[in-house]
Amino acid sequence: MATRSAVVLTVVSIALAAAIFYHFNFRLVPYMQPLMDSCGLAGPPKGTPRPFFKLGNAFLDGLHCLITPFFLDCVGQPAGRFWVLQTLATATPVVSLLAVEESRSSARGLVRCVFLVLVVAQLLGVSVALPALWLPCYLLLSKHRVEGAFLPAGKVPAIAAQAAMATAVTLPLVYATRFPEAAQPPLIAGFNLAVPCLALLWTLAPGGARPGNAAAAGALRFVALIGFAAHALSVVDLFVLSHGGDADSARRELAAVAANASADVMPANFMMYDFLGVLGSALIFVLAEEGLAGAGAFLGLSLLAGPGAAFGLACARREARLAAGAAKAPLPCGAPAVAAAAKRD
């Protein structure tokens, strides 16, 4: 049964998702409405849409018509690239945690269907999908079952591979404007389609009968390293490569994005809020697992190494602790009775 603290954190999580969803849908209208009009998403098309990769499916073509210019406008600005990289740095360890929890025998509800959560994340934003869908299911349905649950070791290599491949898919998106114009729309469409599909790597991987908690702790440390590398790249790209070491200039650009005063900065503002939603979800999870002390340690390390590295290490520490009480592989149906009868004989 879910504890009172789990219920309170669930309410906080859903409130976070609602606040970000409101911002996305009502505070970014000056930028989004012209795009929607040109793509015909709010009635007959008005004007000519910017180039996008067409797949011949009305839904996907409408989505790519919208997100292709959005991402190009976003990563065309240094602050936009900064927030995309920060989101990548934090979301990669978070998705690895989702993969671990889906693979565990304690998984219930949407914790057992990360593919669906990632599809919603591509449509509404990962900052909405995580706190609105996955976290409530974990806190209310799965968390109290985790101790002693079985995590198959065979899933772990696929989880680590997914993190590396997701990073490889996202980095070209970050620097899409450096590619020839004809290559930019396929890059963005590929990113949008690949991220949910990568969940199939661990879903289809054979689990086996060997407990994988210790291996998962190692994989999460590897993912923490990916998070640190993406965080470091975001800082170097913004402060050194884009602003020539002028920290005041870089901070002014970030402040302009946070102020959201013009349509030009709204794509970067979207990604800033996307990052904050992922960060908030990670903080809620750490608070649920390690309490105030663990949450404080997570925030402190985030300032030094980035939130992705801090979260990956927190999850690795948790997995190492769970390894001590890890369950063996579940016995086949009827095996407990047979074992008991043999013992009596």
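Since every read-out is calculated from the coordinates, none of them should be taken as a lab result. Owing to the predicted nature of the structure, the values given are computational and were not obtained by experimental measurement. With ideal geometry, Cβ positions are generated from the backbone for all residues, glycine too; neighbour counts draw on all protein chains shown.
For the chain, state the semi-axes of the equivalent ellipsoid (square roots of 5 times the eigenvalues of the alpha-carbon gyration tensor), sorted largest first and rounded to whole angstrom. Walk me through the numbers before you get to the answer.
Values: eigenvalues 291, 99, 71 Å².
The equivalent ellipsoid of the chain has semi-axes of 38, 22, 19 Å.
Which residues does a label at V7 reach in segment 288-303, if reach means a backbone N under 19 Å from a point 7 Å past the Cα toward the Cβ?
288-289
Report Rg/Rh for segment 146-193, rounded to two decimals, where Rg is the Cα radius of gyration and Rh the Kirkwood radius. The partial results should precede the final answer.
Working: Rg = 16.3 Å, Rh = 12.9 Å.
Ratio of gyration radius to Kirkwood radius for segment 146-193: 1.26.
Stretch R50-F222 to full length: gain in nm at 0.36 nm per residue minus the Cα-Cα span?
Values: separation 172, 0.36 × 172 = 61.92 nm, distance 3.90 nm.
Taking 0.36 nm per residue and subtracting the Cα distance, the gain is 58.0 nm.
Suppose each label sits 7 Å from its Cα in the direction of the beta carbon; what would the A297-D248 distance come out to in nanometres?
Distance between the two pseudo-spin positions: 4.0 nm.
No solvent, one uniform scatterer per C-alpha: report log10 I(q)/I(0) for segment 257-300 via the Debye equation at q = 0.14, 0.17, 0.23, 0.27 1/Å, two decimals.
Values returned for q = 0.14, 0.17, 0.23, 0.27 Å⁻¹ are -0.45, -0.56, -0.70, -0.82.
In whole Å, what are the Cα extents of segment 1-127 along the three principal axes, biggest one first?
55, 31, 30
Going by alpha carbons, how many degrees (0 to 90, nearest 10) lie between the helix axis of 114-124 and the longest principal axis of the chain?
20 degrees
Volume per residue, Å³, of the convex hull around the alpha-carbon atoms of segment 223-320?
Details: hull volume 10.2 nm³, N = 98.
In segment 223-320, the Cα hull volume divided by residue count equals 104 Å³.
Going Cα to Cα from K143, which aspartates and glutamates come in below 13 Å? Please leave out same-chain ones fewer than 8 positions away.
Reachable aspartates and glutamates: E101, E102, E289, E290.
If the chain between V240 and L171 were fully stretched, how many nm would it gain, using 0.36 nm times the residue separation less the Cα-Cα distance?
Result for the pair: 23.0 nm of gain on full extension.
Neighbouring Cβ atoms within 10 Å as the yardstick, rank Y22, Y31 fewest first.
Working: Y22 10, Y31 20.
Result, fewest neighbours first: Y22, Y31.
Net charge within 14 Å of C39 by Cβ-Cβ distance, Lys/Arg positive one each and Asp/Glu negative one each, not counting C39 itself? Walk me through the numbers on the way to the answer.
Working: positive: K46, R50, K54; negative: D37, D61.
Net charge around C39: +1.
Among A316, A229, A293, which one shows the biggest mean-square fluctuation in a GNM of the chain, springs joining Cα atoms closer than 10 Å?
Checking each option, the largest mean-square fluctuation is seen for A293.
Counting other beta carbons within 10 Å of each residue's own, what order do H23, H231 fall into, fewest first? Kindly include the intermediate steps, with their values, before the conclusion.
Details: H23 18, H231 22.
Listed from fewest to most nearby Cβ atoms, that is H23, H231.
Would you list the P(r) distribution for segment 13-84, with all Cα-Cα distances sorted into 5 Å bins from 0 and each bin expressed as a whole %?
3, 15, 19, 22, 20, 14, 6, 1
For the Cα atoms of the chain, what angle does the longest principal axis make with the long axis of helix 307-323, in degrees from 0 to 90, nearest 10?
On a 0 to 90 degree scale, this one is about 10.
Compute the helix-to-body angle for 78-103: its Cα long axis versus the longest principal axis of the chain, expressed 0 to 90° and rounded to tens.
Tilt relative to the chain: about 20 degrees.
In whole Å, what are the Cα extents of segment 167-209 along the three principal axes, biggest one first?
The Cα atoms of segment 167-209 stretch 49, 14, 10 Å along their principal axes.
Return S142, S103, S96 ranked ascending by Cβ neighbour count within 10 Å, so the fewest neighbours appear first.
Values: S142 22, S103 25, S96 28.
Fewest to most other Cβ atoms nearby, the residues stand as S142, S103, S96.
Taking 2.2 N^0.38 Å as the expected size of a compact globular protein, what ratio does the Cα radius of gyration of segment 163-305 give against it, to two decimals?
Details: Rg = 18.4 Å, N = 143, 2.2 N^0.38 = 14.5 Å.
Segment 163-305 yields a ratio of 1.27.
Can you tell me what percent of all Cα-Cα pairs in segment 110-219 are more than 17 Å apart?
64 percent
Can you report the principal axis dimensions of segment 70-137 using only the alpha carbons, biggest first, rounded to whole angstrom?
44, 20, 16 Å, listed from the longest principal axis down.
Go through V156, L225, L276 and say which Cα lies farthest out towards the positive end of the charge dipole of the chain; charges sit on Cβ, +1 for Lys and Arg, -1 for Asp and Glu.
Toward the positive end, the furthest listed residue is V156.
What does the helix-only formula give at 222 nm for the chain: each DSSP H stretch with n ≥ 4 adding -39500 (n - 2.57), the total divided by the residues, and the result rounded to the nearest 500 deg cm²/dmol?
Numbers: 14 runs with 235 residues, N = 345.
That comes out to -23000 deg cm²/dmol.
If the chain between S262 and L304 were fully stretched, how many nm would it gain, using 0.36 nm times the residue separation less the Cα-Cα distance? Please report the intermediate quantities before stating the final value.
Values: separation 42, 0.36 × 42 = 15.12 nm, distance 3.17 nm.
Extra length available between S262 and L304 comes to 12.0 nm.
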